[in-house]
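The values are calculated or read from the model by the stated rules, or taken from the named source; none is laboratory data. Note that the structure is predicted; figures quoted are calculated from it, not measured. Note: accessible area is taken over every heavy atom of the protein model, side chains too, but ligands, DNA and RNA are not part of it. Shrake-Rupley method; radii C 1.70, N 1.55, O 1.52, S 1.80 Å.
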Amino acid sequence: MAVMANNAYSQYANNKILTASPAELTLMLYEGAIKFCNIAIMAIENGDIMKAHNNIMKVQRIIEEFQITLDFKYPVANDFNNVYTYLIKRLREANITKDKEILEEVNGHIRTMRDTWKEVMRLAR
């Protein structure tokens, strides 16, 4: 029974991604980065260095994806690029030092960006 429920959820999650608009996908990536950052913070608190590393890398890959998809024909892209470069630098520092305070700072920035994105989506409707 649990396997069937897990398969149903997996199909639902896949369909949600496949049918999402680019704006919704961006929101999902922000949500994922926040989730992985929270997991990394908890892993550091629990002394699970490998779990912390793996989740910090997930956050870093999401930020890198945001960075490589920037469209520099818009001037604001340079501002986002600077923020993403800073976040990646901080994530690398957090991964080397396993400093949860750095992750909390990064997570705060990502939350702000997510909230701003949600507002943009709301206004665009």
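Give the accessible surface of the chain per residue, rounded to a whole number of Å², with probe radius 1.4 Å and ligands, DNA and RNA excluded.
With the other protein chains kept in place, the chain gives 66 Å² per residue.
Please check: in the Gaussian network model of the chain (C-alpha springs, under 10 Å), which one of TYR86, TYR74, TYR30 has the largest mean-square fluctuation.
In the Gaussian network model the winner is TYR74.
Explain nothing, just the number: relative contact order of the stretch 19-98, from Cα pairs under 8 Å at least 6 residues apart, as a whole percent.
Contact order relative to length: 27 percent.
Checking the cross-link filter: which lysines have an alpha carbon closer than 30 Å to that of LYS73, excluding same-chain neighbours under 8 positions apart?
Excluding near neighbours in sequence, the set is LYS58, LYS89, LYS118.
Using only the alpha-carbon atoms of the stretch 76-119, report the extent along each of the three principal axes, biggest first, to the nearest angstrom.
33, 20, 9
Working with all protein chains in place, sort VAL106, VAL76 by solvent-accessible area computed with a 1.4 Å probe, largest first.
VAL76, VAL106
Give me the percent of the accessible area of the chain that comes from carbon and sulfur atoms, probe 1.4 Å, all protein chains in place.
Its accessible area is 58 percent carbon and sulfur atoms.
Measure of size requested: the Rg and Dmax of the stretch 43-125, with Cα atoms as the atom set and Å as the unit; please supply both.
Looking at the stretch 43-125, its Cα Rg and Dmax stand at 14.3, 44 Å.
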